[in-house]
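Trainee: I'd like to ask you about the structure that follows.
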Amino acid sequence: MPQKLGHTSDQLVDLYQELLAERRLILVSNRGPVEYRIAQNGELQLNRGTGGVVTALRGISKHVEVTWIASTMGEGDRLAASGQSGRFQVALPGQRLYLRFVTSPRNVYHKYYNLFCNPLLWFLQHYMWNSPYTPNVDAKVYDAWDNGYVAVNRAFAQTVIDEASHDRTPPFVMIQDYQLYLVGGYIRQEMPNAILQHFIHIPWPASSFWHLFPDPMRRAILESLCAADIVGLQTNRDVHYFLHSCEMFLEGAKVDYESHTVVYGGRRTQIASYPVSVDLAALHRIVRSPRVQEYEEKLRPYLGEQTIVRVDRAEPSKNIARGLKAFDMLLERYPQFVNRVKLICFVVPSRSGIKQYERYTQEIFDSVEAINAKYGTEEWQPVKLFFENNYAQSIAGMRLYDVLLVNPVIDGMNLVAKEGPVVNARNGVLVLSESAGAYEQLKENVIPVAPADLEGTTQALYEALTMDSAEKKRRIEALRKSIEEEDITAWLYRQFRDLRNLACQLPLLLHA
Ligand code: F6P
């Protein structure tokens with residue numbers, strides 16, 4: 001169990017300042033903290049970046065100076081990057097945020113993102129391979145590795161090196177996620193004294209899955225990760241599997257399951273779990289905003305006597321199709337719910353350039369249509385699907401659930417499971433997959449489901465819909481308490497505390 005920390009955000013700010021008095025903080029992630037769009041009048045418009053990584057980290061620059069290195073995403077970013085030779089300050093009031101873009105040629109980025117990172121690594125790490133048939137690591141994949149993944153990771157590392165080369169003291173570099181596994185290794189070759197942390201937001205799978213993956217790629221990934229001082233993962237399960245992968249695939253590595261360390265190539269790497277969480281202050285602010293309140297009113301006509309809600313990216317690992325199937329089975333088996341219980345799905349479009357995502361999205365639309373045709377009438381439709389990226393609307397939806405269904409095949413954490421109980425206004429019940437990272441923390445007060453268990457999911461929905469109100473209240477209060485104790489401040493605090501402890505052990509080394 002993570003240790004409780006009784007700290008406040010003031011202590012976190014003190015920690016930042018102590019830590020960053022001598023060294024610069026560089027954050028490195030594929031998606032950046034902001035995204036530029038070209039408005040109709042040709043001017044550049046600044047929008048908040050999307051995704052869990054950015055949401056988790058964007059608060060830091062309110063307190064300390066941050067240099068953030070990220071890929072250009074669209075034409076707006078390319079235009080914003082084109083006039084700059086190095087980092088530039090982002091025009092966000094109250095923020096000390098400097099951005100430096102890495103712009104890859106379009107075909108290189110396509111190989112990196114659409115051929116390697118997502119259909120291969122993401123699928124592997126979420127157990128989405130159908131091993132007798134997929135993946136097929138053919139010449140196209142080898143090419144995507146060499147001329148996509150390796151190329152973009154090298155470009156990121158070079159950008160960090162350029163950025164920090166004039167600093168008196170080597171920086172703290174915090175690298176994020178699976179898109180950038182090779183960055184740490186390249187940086188380490190040039191900057192032996194940098195303090196490197198790599199946080200992996202998605203699950204680390206059992207070694208039997210990595211067995212299917214080519215040895216040179218697997219080894220390159222593990223060698224690079226073990227060039228970091230700290231590898232952070234979401235859960236104890238991920239830490240265990242990571243240590244086991246090093247033992248299996250990294251010849252010469254000394255793995256210690258007690259201290260959670262790997263010694264490889266003369267370097268000791270700490271493997272730690274830091275379960276990511278929600279920004280409570282920001283959530284409370286958004287719940288009170290007029291925009292969310294307006295959406296609540298707009299959503300009321302779609303509610304049933306009781307309403308099941310789900311919020312996901314259009315993503316096969318989120319298990320939306322099985323969730324719909326279980327709802328169908330619920331209405332079939334318990335006809336008393338027909339005309340009374342509704343399901344509202346808030347689905348955010350995602351990775352539309354990848355064929356598996358396109359197919360999965362179509363499947364969601366088809367299932368919704370089939371369920372509505374089977375049980376619906378002109379006046380009553382059991383499922384409502386919102387297919388758009390509208391955070392305020394989904395928060396409004398989570399205010400109104402009686403049951404929140406979060407049943408991913410597997411998930412690094414799943415922040416919907418933590419946002420829901422915090423914002424919900426109806427003492428709703430959380431039905432949660434045992435393989436979501438959030439389950440480790442929330443399991444005592446949810447109804448658990450195994451993600452493939454359609455019968456079990458149907459029964460879990462039934463149990464949630466018929467639970468007595470005192471029990472519902474007790475559970476949601478316990479969930480809130482646990483989430484409040486472990487919010488995003490705790491996630492950041494633990495990581496910066498461990499970096500501080502590490503920095504204290506090292507003399508203040510200057511650039512070699
Ligand atoms: O951690 C997984 C992640 O990178 C999150 O930031 C985000 O929720 C999701 O994947 C989206 O990924 P993409 O950048 O491919 O849209």
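The values are calculated or read from the model by the stated rules, or taken from the named source; none is laboratory data. Given the structure is predicted, the values throughout are model-derived calculations rather than measurements. In this analysis, Cβ positions are derived from the backbone assuming ideal geometry, glycine residues included, and neighbour counts consider all displayed protein chains. These area figures cover heavy atoms from the full protein model, side chains too; ligands, DNA and RNA do not enter into them. Shrake-Rupley method; radii C 1.70, N 1.55, O 1.52, S 1.80 Å.
Trainee: Given a 1.4 angstrom probe, I'd like the percentage of the accessible area of the chain that is carbon and sulfur, rounded to a whole number.
Mentor: 49 percent
Trainee: Starting from the Cα-Cα distance between Gln336 and Asn130, subtract it from 0.36 nm times their residue separation and give me the gain in nm to one decimal. The partial results should precede the final answer.
Mentor: Working: separation 206, 0.36 × 206 = 74.16 nm, distance 3.79 nm.
Full extension of this stretch gives 70.4 nm more.
Trainee: Then there's this: Which loop chymotrypsin sites (Phe, Trp or Tyr not before Pro) in the range 210-292, with loop taken from DSSP, have no more than 16 other Cβ atoms within 10 angstrom of their Cβ?
Mentor: Of the chymotrypsin sites (Phe, Trp or Tyr not before Pro), the ones in loops of the range 210-292 whose Cβ has at most 16 other Cβ atoms within 10 Å are Tyr257.
Trainee: May I pose another question? In sequence order, what are the phi-derived ³J(HN,Hα) couplings for the range 394-400 according to the Karplus relation 6.51 cos²θ - 1.76 cosθ + 1.60 with θ = phi - 60°, rounded to whole Hz, with x for glycine and proline?
Mentor: 6, 5, 4, x, 6, 5, 9
Trainee: What number results when the radius of gyration of the range 428-512, computed over Cα atoms, is divided by 2.2 N^0.38 Å?
Mentor: Rg over 2.2 N^0.38 Å, computed on Cα atoms: 1.67.
Trainee: Determine the sum of side-chain charges near Glu363: Lys and Arg each +1, Asp and Glu each -1, restricted to other residues whose C-beta is under 13 angstrom from that of Glu363.
Mentor: In short, +1.
Trainee: Once fully extended, how much extra length lies between Asp14 and Lys481, figured as 0.36 nm per residue of separation less the alpha-carbon to alpha-carbon distance?
Mentor: Once the chain is fully extended between Asp14 and Lys481, it gains 165.6 nm.
Trainee: If you count only protein heavy atoms and use a 1.4 Å probe, how large is the accessible surface of His284, to the nearest 10 Å²?
Mentor: 70 Å²
Trainee: Does anyone have the angle between helix 236-249 and the longest principal axis of the chain? Alpha-carbon axes, 0 to 90°, nearest 10?
Mentor: In the chain, helix 236-249 runs at an angle near 50 degrees to the longest axis.
Trainee: Among DSSP bridges having both ends in the chain, what percentage is antiparallel? Round to the nearest 5.
Mentor: Of all bridge pairs located within the chain, approximately 25 percent are antiparallel.
Trainee: Next question, about the same structure. For the pairs Lys140/Lys325; Lys342/Lys473; Lys111/Lys254; Lys342/Lys374, flag any whose C-alpha to C-alpha distance is greater than 24 Å.
Mentor: Where the Cα-Cα span goes over 24 Å, the pairs concerned are Lys140/Lys325; Lys111/Lys254.
Trainee: Would you mind working out the accessible area per residue for the chain, using a 1.4 Å probe, and quoting it in Å²?
Mentor: I get 42 Å² per residue for this part.
Trainee: Let me check I have the definition right: for the chain, take the eigenvalues of the Cα gyration tensor, multiply each by 5, take square roots. What are those semi-axes in whole Å, largest first?
Mentor: 38, 25, 24
Trainee: Excluding Ile200 itself, what net charge comes from residues whose Cβ is under 14 Å from its Cβ, given Lys and Arg +1 and Asp and Glu -1?
Mentor: -2
Trainee: Also: Between Tyr302 and Ala370, how high is the FRET efficiency from 1/(1 + (r/R0)^6) when r is the Cβ-Cβ distance and R₀ = 25 Å? Nearest 0.05.
Mentor: Taking R0 as 25 Å, the efficiency between Tyr302 and Ala370 is 0.85.
Trainee: With θ taken as phi - 60° and the coefficients 6.51, -1.76 and 1.60, list the Karplus ³J(HN,Hα) couplings across the range 405-415 in order, rounded to whole Hz; mark glycine and proline as x.
Mentor: Each residue's phi maps through the Karplus curve to give 9, 10, 10, x, 4, 6, 8, x, 10, 6, 7 Hz.
Trainee: Shape of the range 280-484 from its Cα gyration tensor (a ≥ b ≥ c, root eigenvalues): rounded if a/c is under 1.5, otherwise prolate when a/b > b/c, or oblate?
Mentor: Rounded, because the longest to shortest axis ratio a/c is under 1.5.
Trainee: Around Cys504, what is the net charge, scoring Lys/Arg as +1 and Asp/Glu as -1 over all other residues with Cβ under 12 Å from its Cβ?
Mentor: Here the count lands on -1.
Trainee: Related question: Assign unit charges at the C-beta atoms only (+1 for Lys and Arg, -1 for Asp and Glu), then state the dipole size of the chain relative to its Cα centre in Debye, rounded to the nearest 20.
Mentor: 660 debye
Trainee: Give me a comma-separated list of calculated 3J(HN,Hα) values for the range 255-262, in order, Karplus coefficients 6.51, -1.76, 1.60 applied at θ = phi - 60°, integers in Hz, x for any Gly or Pro.
Mentor: Residue by residue, the range 255-262 yields 10, 10, 6, 7, 8, 6, 10, 10 Hz.
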